[in-house]
Amino acid sequence: MSVAQWRVARVTPLGEFAQPARITGTAVRLAAQVFLVVCLWRSLYSQVETSAGLAREQAVTYAVLAVLALQIRGLDRSASRDTMLQHIQEGTVLYWFVRPIPPRRYYLVRAVGDQLYGFAWVIVGYAICLAAGAVKPPASGGAAAAFAVSLLLAQIIMYQLLLAVDLVCFWTLQNNAALTILRFLQNLLSGVIAPLWFFPDWFLTMSSVLPFRYTLDVPLSLYIGRSAVGEAPRLLAIQLLWCVLLAGLTRLMWRKAAGVVTVQGG
Amino acid sequence: MDAIIARDLTKTFHTIARRPGFVGGLKSLVAPARIAKTAVDGVSFSVREGELLALLGPNGAGKSTTIKMLTGILVPTSGSVHVAGIEPHRDRERNARTIGAVFGQRTQLWWDLPARDSLAILRDIFGVEAEEYRRRLSEFDDLLGLSEFWDTRIRHLSLGQRVRCDLAAALIHDPKIVFLDEPTIGMDVVVKEQVREFLRHQVERRGRAVVLTTHDMTEVNRLAERIVLINHGRLFFDGSLTELRSRFGATWQVHVTLADAPAEVAVPGLRVLRHDGPRVAFGPGEGATTTHEALRLIIERYAISDLTIEENDLEDVMREAYLHREQVTA
Ligand SMILES: Nc1ncnc2c1ncn2[C@@H]1O[C@H](COP(=O)(O)OP(=O)(O)OP(=O)(O)O)[C@@H](O)[C@H]1O
Ligand SMILES: [Mg+2]
């Protein structure tokens, strides 16, 4: 793949810059979400210092970072008619097969662009929250390093999960239900709705054998020091394992998809 | 040299029959009935470099399916395709560099980007040199008048404007072979003429091979040297416009005004349709003749002061051809 082809990553950011209203919208939404989450968790902790083994500031930091981290998942491209589902339903996916970049790479490059764009938001949001005292800095230098590596792996797992669900469209020509379930599971099992320690034990066990926890809860736990740095190698290894497993699965799905591509009449 | 060779090209789609109604829906869920639909059935033809071929046929004939196989998007059920020596579906990446494609009803441009940004993205995908890109862009602008609207986002373009951008997008990497599935859909007459001029330029000056589908007979009249007709997935005509007319459109009329008004008019090989004083209308007689020959025969026998020829227009010819095919398959 040529270097120039990586420039395709700029499609989504270019589209956002072309519409300043969208950028304002994202900023307002993000600010409101962070503000509400901080209020919620501070009031939940108004009577106690620690709950489920989590101190107040740890819980608030976890919740705020979870809100911010959702940004790196990538924007919802449906307003730009640019989701895999839309391309398959409208038949525009056929152009992916007449370009000298395999669909698999094109999808990857676009996702990298979207996630980097989201990451820029996270950096800005994080800096502001840190300055405002809404989040605390990482528990330690070691925790920061473990968090950085874990976050990268978490992104890869997230990417593979979303890709797998998108690829299902090639067979079903729709994935609305699958996407809704995935989003719900992802939010519930990864700690977006609430840190996982507030859930019963069986729930924690279940979430440990599924990939979702490893997309958010694991890096955040390392950040706030709830998971000790000593545990990091084991957690990172599990994350890596999920990356490899899911990568194998999506690779297989891509190969099959290229064979079954049927584009609706017209 | 042949740019495109299709041999015995066949595509069968397998779909699941949806029975009507709620109970039917449940039945389909429990015991899905698979139905096979052969959209393209043993089609063979070839296209030379610098040739424009119009692939015509009624709705659902299999034109788009054929184009999707020629571009490597669909894998043929059987038969073979070679485009510039490549089997498109086996080597999609290399194939992509030699072909360009426009599916008129669908855009390959990014909805939220101005057209010019979309073209720049395609430049990067195809690795077109900056200088060459600028040159081509200005050439396309001259021919298609893109600069009027290329700073507008695709979502705000009219259909005709958008399709013009799509044409530029398909040719930005200078492909030798171009596939156009209904490229003039939704265009006004002025823009249509502009696009025809553009296509003629691409074929005659740049020597590209073009395969075009359209339902616009004026376009066929103006552009096509060669026509391939398919219906129900089968090819049933491959030849020039003149051949098509002589096979399916033999009904012409020659109206003449004779210098004098003879009581009896007769020309061997022609039929007199009307005879009213000096005005006579001839039609083809026994051994169906061309208008050309008919004129010669008439002029040899009579002195004429005025003459008009009324040929079936292409729409009539086409209707005749499609119906003829229905009878043959029935
Ligand atoms: N993906 C598909 N699955 C099942 N059947 C299909 C599929 N695509 C096309 N067909 C069927 O194949 C036949 C040919 O379709 P095609 O789109 O090639 O026609 P066409 O000649 O392009 O028609 P039109 O002039 O209306 O565009 C139609 O009967 C259509 O219903
Ligand atoms: Mg069609």
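The values are calculated or read from the model by the stated rules, or taken from the named source; none is laboratory data. What you see is a predicted model, and the numbers here were worked out from it, not measured in a lab. Here the Cβ is made from the backbone with ideal geometry for all residues, glycine too, and neighbour counts use every protein chain on show. Quick note on the areas: whole protein, heavy atoms, side chains included, nothing else; ligands and nucleic acids left out. Shrake-Rupley method; radii C 1.70, N 1.55, O 1.52, S 1.80 Å.
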Exercise for the section: Run B:LEU26 past the list (1) farther than 27 Å from B:MET217 by Cβ; (2) touching a residue at least 12 places away in the same chain (Cβ under 8 Å); (3) of a type in the set (A, V, I, L, M) and report the number of the one that doesn't hold. Expected result: (2)
Exercise for the section: Just give me the residues in the range B:74-96 being within 9 Å of another protein chain (Cβ to nearest Cβ), buried (at least 19 other Cβ atoms within 10 Å of the Cβ) and not in a loop (DSSP other than H, G, I, E, B), in sequence order. Expected result: B:ARG92, B:ASN95, B:ALA96
Fill in the blank from the handout: All conditions in (1) open to solvent by 40 Å² or more (accessible area, probe 1.4 Å); (2) within 23 Å of A:THR92 (Cα to Cα) are true of B:GLU131 except (2)
Problem - Qualifying residue in the range B:60-73 (condition: more than 7 Å from every other protein chain (Cβ to nearest Cβ), open to solvent by 30 Å² or more (accessible area, probe 1.4 Å), over 15 Å from B:ALA170 (Cβ atoms) and within 16 Å of ligand 2 (Cβ to nearest atom)) - result: yes
Handout entry: Subset of the range B:2-24 (residues that are more than 14 Å from ligand 1 (Cβ to nearest atom), surrounded by 12 or more Cβ atoms within 10 Å (Cβ to Cβ) and more than 17 Å from B:PHE237 (Cα to Cα))
Key = B:ASP2, B:ALA3, B:ILE4, B:ARG19, B:GLY24
Problem - Number of the condition not met by B:ASP112 [criteria: (1) part of a helix (DSSP H, G or I); (2) touching a helix residue (DSSP H, G or I) at 6+ places or on another chain (Cβ under 9 Å); (3) at the interface with another protein chain (Cβ under 10 Å from one of its Cβ atoms)] - result: (1)
Exercise for the section: Please verify whether the range B:295-309 includes one or more residues that are of a type in the set (S, T, N, Q) and open to solvent by less than 70 Å² (accessible area, probe 1.4 Å). Expected result: no
Practice task
Would you point out which residue out of A:ALA177, A:ALA145, A:ALA154 is open to solvent by 40 Å² or more (accessible area, probe 1.4 Å), within 13 Å of A:PRO219 (Cβ to Cβ) and of a type outside the set (Val, Ile, Thr)?
Solution key: A:ALA145
Practice task
Return yes when B:ARG123 is surrounded by fewer than 19 Cβ atoms within 10 Å (Cβ to Cβ) and in a helix (DSSP H, G or I) and no when it is not.
Solution key: no
Practice task
Being among the hydrophobic types (A, V, I, L, M, F, W, C) and either at the interface with chain A (Cβ under 7 Å from one of its Cβ atoms) or touching a residue at least 12 places away in the same chain (Cβ under 8 Å) (or both) is the filter here, so list the residues in the range B:121-148 that pass it.
Solution key: B:ILE121, B:LEU122, B:ILE125, B:PHE126, B:VAL128, B:LEU137, B:PHE140, B:LEU143, B:LEU144, B:LEU146
Practice task
Return a yes/no flag: does the range B:42-55 have any residue that is part of a strand (DSSP E or B), open to solvent by 70 Å² or more (accessible area, probe 1.4 Å) and away from chain A (no Cβ under 14 Å).
Solution key: yes
Practice task
Could you identify the single residue in B:PHE45, B:PHE103 that is closer than 22 Å to A:THR262 by Cβ and among the aromatic types (Phe, Trp, Tyr)?
Solution key: B:PHE103
Exercise for the section: Would you check if there is a residue in the range A:70-83 being facing another protein chain (nearest Cβ under 10 Å) and assigned to a loop (DSSP other than H, G, I, E, B)? Expected result: yes
Problem - Conditions (1) within 16 Å of ligand 1 (Cβ to nearest atom); (2) within 14 Å of chain A (Cβ to nearest Cβ); (3) on the phi < 0 side of the Ramachandran plot; (4) not aromatic (Phe, Trp, Tyr): number failed by B:LEU171 - result: (1)
